[in-house]
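Everything on this sheet refers to the single structure shown next.
The values are calculated or read from the model by the stated rules, or taken from the named source; none is laboratory data. Just so we're clear, the structure is a prediction, and the values are computed from it rather than from any experiment. Glycine also receives a Cβ, built like all others from the backbone with ideal geometry; neighbour counts cover every protein chain displayed.
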Amino acid sequence: MRRECFWSLSVTHRNIAAKEKKYVCYPGEGVCRLDDTAHEMTRASLTDQQALELATLAIKIEAYYGCPQDIEWAINQSGEIIILQCRPLQITTDTPALLSASGDHLNLPPALFQGGITASRGVASGPVHWVLKDVDALQFPNGAVLVTDRALARWAALLPRASAVISEKGGLTGHLANVAREFRVPALFGAAGVIDHLSGHEQVTVDADACCIYPGRVQSLLDLSERLLPKNLMQGTPVFNLLKEAARLITPLNLIDPDSPAFKASNCQTLHDITRFCHEKSVHEMFRFGKAHRFPERSSKQLRVQIPMQWWVLNLDDGFKTDVSMERYVDIDNVTSIPMLALWSGITAFPWEGPPPVDGKGFVSVMFQATQNQSLLPTVRTTMANRNYFMISKNYCSLQSRLGFHFAITEALVGDRTLENYISFQFKGGAADFNRRLKRVLFVKEILEAHGFRTDVTKDALRARIEQHDTETMVAKLKMLGYLSIHTRQLDMIMTNPAMVNRYRAQIKAQIENLLATSPASAG
């Protein structure tokens, strides 16, 4: 039976994509991403026989379940195909074809936008509501079309109120796409430039099946979609209700933001929450290894620069061009880490002018804080008092710095996989009283939010994060963080002087604009 089915299929066409990266699992290191060689880049990943065997299995699985399946599979070292899991294939082209065939009779207006991919099927209409920042989500009305630049997981909480979702970036397998399909909310992702096309339009009709957006409410299209979309025959049955109740404890994701203070084990409400929490904490511990473990002195290298501060670099993997294991120093020209180079560009862009002039009250405040907390005094010997540490690989960087009374941690992953890119920034400290420190934190918060960062302030501590932008944009954001880490130090001492604050605000704004002038993608 297997042989007859196998030989009824044949390979009719080969389209071999160039593969620039490959993943190799090493026993001592785990999965590593490597650059492909010229020969391996153009070599087919499957043999003809493996392709035919996969096709045969797909046909059998589809016949068993009675509908097309989305199948995950792997091939072991002996060449055996292992089926990992399968689910109904939710993205089909039947409805777009029917809509297209009926289009001449619908009197459709000219499309505002056409393109992207169908993340969740359907047609819906509603008022346009931009969701680019957290404050936009707070104002999201019922029945609106959610328009965003990135398909972030935290926007999933808005789907019960959304009629449709449009995102300039995002894929079929992301969390927002999965939730949109669960809620049967039409979703169009990967719609590059759609925000500009929708500017000035208050209401639109989203045809996610045909990847089109029309102005206003197109009732004929909505009616046709209602007739053509398949109905859920199981809805209302005892089995459906039982599975729906069980799914309530399994699928919803409540722990969305790993930087939130609420991201903790006690807030896990579903199995999805538990797996997300375990995953995030595992990744956190992996990156924290270098922070929580002491390395031999020879494993870190001092950066050779003309700056009167000590900067040390710990190479986690492929952060250096050449081996410097036998040397004490490393030059910045020998560093390959994309995020570190971006941070360093901002750190060194403009010379620091030194501490701002301090009035009598500011000076007294500094002296009082120093006597209250002796560990803040620069004269107290601590590891972090004298050294600022970069831990790097080609695409990763963690910078722990203490500049005077100020503590900052910047962590970034920047590479060609946009959906994985992120920057996390934490800032705390200062020599002045709490009121001045808080004003300085709010000062930095204002700057970061203007450039697209999501921020959170707890007392005098600032946390900021940005994610899922392309490499060029992330590099620009890191340049700005490098600049701010140097040029906002000791500004807490003048935060009660409006004239001085306005002067430094104007200066910082101008220098950041100058710094980012060569980075077109830096706009928030």
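Residues checked against (1) under 20 Å from Cys32 (Cα atoms); (2) modelled with pLDDT under 85:
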site	(1), (2)
Asn315	yes, no
Val324	no, yes
Leu341	no, no
Pro355	no, yes
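Selection of segment 320-336 for residues being of a type outside the set (A, V, I, L, M), out of contact with any helix residue (DSSP H, G or I) (no Cβ under 7 Å at 6 or more places or on another chain) and over 14 Å from Leu303 (Cα atoms) yields only Asp323. Just one residue in the set Arg402, Arg417, Arg463 is among the charged types (D, E, K, R), modelled with pLDDT of 80 or more and in contact with a strand residue (DSSP E or B) (Cβ under 8 Å, 6 or more places away or on another chain); that residue is Arg463. Inspect all residues belonging to segment 318-335 and state whether any of them is touching a Phe, Trp or Tyr at 6+ places or on another chain (Cβ under 7 Å) and part of a helix (DSSP H, G or I). For segment 318-335, residues touching a Phe, Trp or Tyr at 6+ places or on another chain (Cβ under 7 Å) and part of a helix (DSSP H, G or I): present.
Candidates Leu253, Leu228, Leu242, Leu222: the one that is more than 23 Å from Leu132 (Cβ to Cβ), modelled with pLDDT under 90 and touching a helix residue (DSSP H, G or I) at 6+ places or on another chain (Cβ under 6 Å) is Leu228.
As a summary of the residue check, Thr471 satisfies the conditions (1) crowded, with 21+ Cβ neighbours inside 10 Å; (2) at pLDDT 85 or above except for the one numbered (1). In the set (1) more than 20 Å from Asn395 (Cβ to Cβ); (2) in contact with a Lys or Arg (Cβ under 8 Å, 6 or more places away or on another chain), the condition left unmet by Leu54 is number (2).
Among the residues of segment 201-219, those that are hydrophobic (A, V, I, L, M, F, W, C) and assigned to a strand (DSSP E or B) comprise Val204, Val206, Cys212, Ile213.
Would you say Phe407 is closer than 17 Å to Gln310 by Cβ, of a type in the set (Phe, Trp, Tyr) and either surrounded by 14 or more Cβ atoms within 10 Å (Cβ to Cβ) or at pLDDT below 85 (or both)?
Numbers: closer than 17 Å to Gln310 by Cβ: yes; of a type in the set (Phe, Trp, Tyr): yes; either surrounded by 14 or more Cβ atoms within 10 Å (Cβ to Cβ) or at pLDDT below 85 (or both): yes.
Considered against the rule, which asks whether it is closer than 17 Å to Gln310 by Cβ, of a type in the set (Phe, Trp, Tyr) and either surrounded by 14 or more Cβ atoms within 10 Å (Cβ to Cβ) or at pLDDT below 85 (or both), Phe407 comes out as yes.
Candidates in segment 487-510 are the residues that are hydroxyl-bearing (Ser, Thr, Tyr) and more than 29 Å from the chain's Cα centre (by Cα); of these, the one that is modelled with the lowest pLDDT is Thr496. Beta carbons closer than 6 Å, at least 6 apart along the sequence or on distinct chains, never pair a first residue in segment 206-221 that is outside the structural domain of Phe189 (by TED's automatic domain parsing) with a second that is surrounded by fewer than 24 Cβ atoms within 10 Å (Cβ to Cβ) and not hydrophobic (A, V, I, L, M, F, W, C).
Which one is farthest from Ile409 (Cα to Cα), of the residues in segment 419-443 that are aliphatic (A, V, I, L, M) and surrounded by fewer than 21 Cβ atoms within 10 Å (Cβ to Cβ)?
Checked segment 419-443; the qualifying residue farthest from Ile409 (Cα to Cα) is Leu419.
When you go through Ala210, Ala177, Ala164 one by one, which is the residue that is over 30 Å from Glu411 (Cβ atoms), surrounded by 18 or more Cβ atoms within 10 Å (Cβ to Cβ) and within 24 Å of the chain's Cα centre (by Cα)? When all the criteria are applied, what remains is Ala164.
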